[in-house]
Amino acid sequence: MIIVMEQGATEEQVEQVIGKLDSLGFSVHRSTGVVHTVLGAVGPAELVDPNEFNVMEGVKQCRREMSPYKLSSRGFKPEGTVVRFKRERAGYVEIGGSEVVLMAGPSSVESEHQLTRTAELAARAGARFLRAGAHPSESALNGQRGLDAEGIKMVRRVADLFGLFVVAEISDPSRIPELEEQADLLQVSSANMQNHLLLHALGKCARPVLLKRGIAATVEELLVSADHVLAGGNYNVILCERGIRTFETFSRHTMDIAAIPAVHKLSHLPILADPSRATGRRDMAIPMARAAIAAGADGLLLEVHSDPDHAASEGAQAVRPEQFSELAAQLKLIAPAVGRSM
């Protein structure tokens, strides 16, 4: 259920409603907005008459939330979520506010020299995050694994050189303490979108979570997965559209641009776009990046490599540094046209 408190409702009135929800077996999640406090209650809503709450002091409206996702719904936090990052060497940045945020880095970390060169060029073009690529994924059969402890420390070291935040992929809940220390944003791959064990663990961690849409998942299913993180008390969740599987074969997947405004309508969570993984081709990733920002994406996650023709993996989808710089300049023209800044 969603309970919207009256403007000016006292803390005592809010606590009385929370106490009643607790007594009925609900888990309660509180969202304090500019005007109203909203309570999201997860539990046996079908057994409770909303009018039991509508007549309580300080309650403006109580309604059953019929969608399968509750905490990520726009109704829970109408004004939208802004995820904030702060680190001494990287400064301060918001995702979900007025600024379009760029995240860039190679598909796989090959060497410190390669990563340093890529990070330098990406930062110069305006990137705020360095992606700690771990592809091929840890599920790959060719024996290549994700970044180990020393690898993620190297990424942190390089990011600090150029004042960048770090986004790192995670698939094993046991690595959360290690990655919390080194990374600023923990990325859940599309393959792990419905890994509930991982999602529940991330719900209790201290770092924001970037949740990628599965290649065969609907927008609704993405929001349900987000609810698993939010239910643990971690409200700093960012979604990511990275293409879905269709019958088209020209590109790796089909970039679902329509999912971006759909998410903004249905949910309060910010959403990024990853056109590199969606298309698998740098010549298509760049126009899709422009389209994503025009459609309202809060930022981009792009694969950038200093020498993509000799990349260890996924070179075809990696954007060259000069292309990334040109794209960033183009986005500075597109963003203001849709009410955003760069």
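FYI, it's all coordinate maths here, none of it is from the lab. Just so it is clear, the model here is predicted, and its values are computed rather than measured. As a convention, Cβ positions derive from the backbone with ideal geometry for all residues, glycine included, and neighbour counts pool all protein chains shown.
Rounded to the nearest 5, what % of the DSSP beta bridges within the stretch 143-281 are antiparallel ones?
5
How high is the relative contact order of the stretch 165-242? Use alpha-carbon pairs under 8 Å, at least six apart in sequence, and give a whole percent.
On the way: 147 pairs, mean separation 22.6, N = 78.
Computed over the stretch 165-242, the figure is 29 percent.
Restricting the calculation to Cα positions, tell me the Rg (one decimal) and the Dmax (whole number) of the stretch 190-305 in Å.
Considering the stretch 190-305 through its Cα atoms, Rg and Dmax are 13.8, 41 Å.
Let me test this: with uniform point scatterers at the alpha carbons of the chain, what is the Debye-based log₁₀ I(q)/I(0) at q = 0.06, 0.07, 0.11 1/Å?
At q = 0.06, 0.07, 0.11 Å⁻¹ the computed log10 ratios are -0.22, -0.30, -0.71.
Within a Cβ distance under 12 Å of Leu179, other residues only, what is the Lys/Arg minus Asp/Glu net charge? The partial results should precede the final answer.
Numbers: positive: Lys153, Arg156, Arg175, Arg207; negative: Asp148, Glu169, Asp172, Glu178, Glu180, Glu181, Asp184.
Result for the local shell: -3.
Just flag the chymotrypsin sites (Phe, Trp or Tyr not before Pro) in the stretch 198-270 sitting in loop per DSSP whose Cβ has no more than 14 other Cβ atoms within 10 Å.
Working: sites: Tyr235, Phe247, Phe250; in loops: Tyr235, Phe247, Phe250.
Qualifying residues, ordered by number: Phe247, Phe250.
Compute the relative contact order of the stretch 2-66 as a whole-number percentage, counting only Cα pairs closer than 8 Å that sit 6 or more residues apart in sequence.
45
Only sites in a loop by DSSP and with at most 10 other Cβ atoms within 10 Å count here; which trypsin sites (Lys or Arg not before Pro) in the stretch 85-135 make the cut?
Qualifying residues, ordered by number: none.
Please report the antiparallel percentage of the DSSP beta bridges confined to the chain, to the nearest 5.
45
Roughly how far apart, in whole Å, are the Cα centres of the stretch 176-251 and the stretch 95-117?
Between the Cα centres of the stretch 176-251 and the stretch 95-117 lies a distance of 18 Å.
Would you tally the net charge around Leu130, using a Cβ to Cβ cut-off of less than 13 Å, leaving Leu130 out, and scoring K and R as +1, D and E as -1? Walk me through the intermediate numbers first.
Working: positive: Arg87, Arg89, Arg117, Arg124, Arg128, Arg131, Arg156, Arg157; negative: Glu112, Glu120, Asp160, Glu169, Asp184, Glu303.
Around Leu130, the charge tally is +2.
Add +1 for every Lys or Arg and -1 for every Asp or Glu among the other residues with Cβ under 13 Å from the Cβ of Ser267, and state the total.
Counting the neighbours of Ser267, the net charge comes to -2.
For the stretch 52-96, state which GluC sites (Glu not before Pro) are in a DSSP loop and have at most 16 other beta carbons lying within 10 Å of their beta carbon.
Filter output for the stretch 52-96: Glu57, Glu79, Glu88.
For Glu15 and Ser98, calculate 0.36 nm times their separation in residues minus their Cα-Cα distance, and state this gained length in nm to one decimal.
Between Glu15 and Ser98, full extension yields an extra 26.6 nm.
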